[in-house]
Amino acid sequence: MSAGSGLEADLMARYCDGDRRAFDALYAAVAPRLLGFVLQLVGDRALAEDVLQETLLKLHEARDFYVRGADPLPWMFTIARHTAFDELRKKKRARVRLVEDDSRPPPEPRAELSGAPELMRANDDPAGAEALRALDSLPPAQRQALLLTKVEGLSQAEAAQRAGTTPGAIKLRAHRAYVALRKLVRR
Amino acid sequence: MSSELPPSGAPPSSLPPPSPALVARLDAMRPVRTRRPALQLAIVALLSLGALAALLTQFRPRVDVDATAVVIAAIVCALAFVGELWWALVPPRGQVLPLRPAAGARVLLVWLAMLTALVVAGHDAARDPAFMRSARACLLVGTMTALIPAALCLVALRRAVELGGWRIGAVVGGAAGALGALCLELHCANTHVAHVVVAHGGAALLPIGIFAAMFAWMRR
């Protein structure tokens, strides 16, 4: 366990002991990373903040599941990922209902994806905007794998830990995302 | 695997404060007893084996087969039960969630090893004329026995069901099925290969599918 995760393990243990200040310190240490991670998945700041709050509520309710001495970060990221996917599913269902109710086409995918690098976010670059639209249309798991490995530059093992899966699955998802992205951009 | 997680690629400019719902819960926060996986493992294993022993007193004992072979196969089933229970309840070192890589493949490999031991321990007895009826009874008894550790694991892992999904379910089912197979090995006198493969092997395999599907459904 690294020094950082040792600190978080200590804070988590104190949080479980009912120490409010430990929660505040844990929040300051972990929430920015969780928010950035969720932002990559949902691509919308307001929704990401909602997911963060929901994640922290779930963490609070499930804190008795914590194992003392363990690194709480991968667990927190797993809760955040599942909460984000649940929200995305809800959003998708709501959009489908809206389209069924009112035969208008669904809204255009957003051209801005918060998890993408600044260079690609330039709205005045048509190629960048097209790439972002394509990236945004990928399934969340593939998009996350691509962003973690190609944009953040994490190793497959690190990305797997962050995504709560195996390095093999990350490699496969990133490859599929890359192939899909290439097709979408060429179209 | 390193557990150090570098900051995300898109650090948010400002952090929102905790929501009022969370603040209310924090204000009313009390210390909680954290999970002790080794203790849970001991409790689930002892209660399950105790229930199995109680169950076996109700059944007719086996008298017509080679006791050594039965004991060896029973030991294999018991080891499979405890080993898979370990995977289901005790997380890898430094982790919170008991998620193992290739959980499905691990469980199927253990099932295959257990089935091999059961078949080798059996003998070529004449085929039971009521084969299908006795097979159904074995499937039922094995699956019902499997419910005991599965229910206990469900209680122990209730916070992880949402996160683990079918992978945790398959491992729980594997452990539960191994206990079912152990029960049948100690109880059922029909050791014909076809019966052992279909009924006893099926009783060990069925909970894997059932609990993997159940945990996946509960996650949704």
Practice problem: Might you let me know whether region A:164-174 holds any residue that is modelled with pLDDT of 65 or more, assigned by TED's automatic domain parsing to the domain that holds A:Pro32, crowded, with 19+ Cβ neighbours inside 10 Å and not in a helix (DSSP H, G or I)? | Solution: no
Quiz item: Counting just the residues of region B:131-175 that are within 14 Å of chain A (Cβ to nearest Cβ) and among the charged types (D, E, K, R), which one comes out nearest to B:Leu109 (Cα to Cα)?
Solution: B:Arg167
Exercise. Tell me which residues, restricted to region B:7-28, are within 7 Å of chain A (Cβ to nearest Cβ) and modelled with pLDDT under 85.
Key: B:Pro7, B:Ser8, B:Gly9, B:Ala10, B:Pro11, B:Pro12, B:Leu15
Self-check item: Residues that are touching a residue at least 12 places away in the same chain (Cβ under 8 Å) and at the interface with chain B (Cβ under 7 Å from one of its Cβ atoms), drawn from region A:5-21
Solution: A:Ser5, A:Cys16
Self-check item: Enumeration of residues in region A:146-163 that are assigned to a helix (DSSP H, G or I), within 9 Å of chain B (Cβ to nearest Cβ) and out of contact with any Ser or Thr (no Cβ under 8 Å at 6 or more places or on another chain)
Solution: A:Leu147, A:Leu148, A:Val151, A:Arg162
Quiz item: Among all residue pairs at least 6 apart or on different chains, which show Cβ distances below 7 Å where the first residue, located in region A:169-181, is in contact (Cβ under 8 Å) with a residue 40 or more places away in the chain and the second is surrounded by 21 or more Cβ atoms within 10 Å (Cβ to Cβ) and assigned to a helix (DSSP H, G or I)?
Solution: A:Leu181/A:Leu135
Exercise. Name every residue in region A:53-68 that is at the interface with another protein chain (Cβ under 7 Å from one of its Cβ atoms) and of a type outside the set (Asp, Glu), in order of residue number.
Key: A:Gln53, A:Leu56, A:Leu57, A:His60, A:Ala62, A:Arg63, A:Phe65, A:Tyr66, A:Val67, A:Arg68
Practice problem: Identify, from the list B:Ala181, B:Ala150, B:Ala156, the residue that is closer than 28 Å to A:Tyr66 by Cα, at pLDDT 90 or above and crowded, with 24+ Cβ neighbours inside 10 Å. | Solution: B:Ala150
Quiz item: Counting only residues that are more than 8 Å from chain A (Cβ to nearest Cβ) and not in a helix (DSSP H, G or I), which one in region B:94-108 is surrounded by the most Cβ atoms within 10 Å (Cβ to Cβ)?
Solution: B:Pro98
Exercise. Tell me, yes or no, whether region B:16-37 has at least one residue that is surrounded by fewer than 15 Cβ atoms within 10 Å (Cβ to Cβ), farther than 30 Å from A:Gly36 by Cα and touching a residue at least 24 places away in the same chain (Cβ under 8 Å).
Key: no
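Which residue out of A:Asp71, A:Asp44 is acidic (Asp, Glu) and either at positive phi or in contact with a Gly (Cβ under 8 Å, 6 or more places away or on another chain) (or both)? Break it down stepwise before answering.
Details: A:Asp44 fails: either at positive phi or in contact with a Gly (Cβ under 8 Å, 6 or more places away or on another chain) (or both).
From the options A:Asp71, A:Asp44, the qualifying one is A:Asp71.
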Quiz item: Which is among the charged types (D, E, K, R), closer than 20 Å to B:Pro91 by Cβ and buried (at least 19 other Cβ atoms within 10 Å of the Cβ), of A:Glu61, A:Glu8, A:Glu54?
Solution: A:Glu8
Quiz item: Taking region A:22-37 on its own, how many of its residues are out of contact with any helix residue (DSSP H, G or I) (no Cβ under 9 Å at 6 or more places or on another chain) and facing another protein chain (nearest Cβ under 7 Å)?
Solution: 1
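The values are calculated or read from the model by the stated rules, or taken from the named source; none is laboratory data. Since we're looking at a predicted model, the values are computed, not measured. Counting neighbours? That spans all protein chains shown, and the Cβs are built from the backbone with ideal geometry, glycine included.
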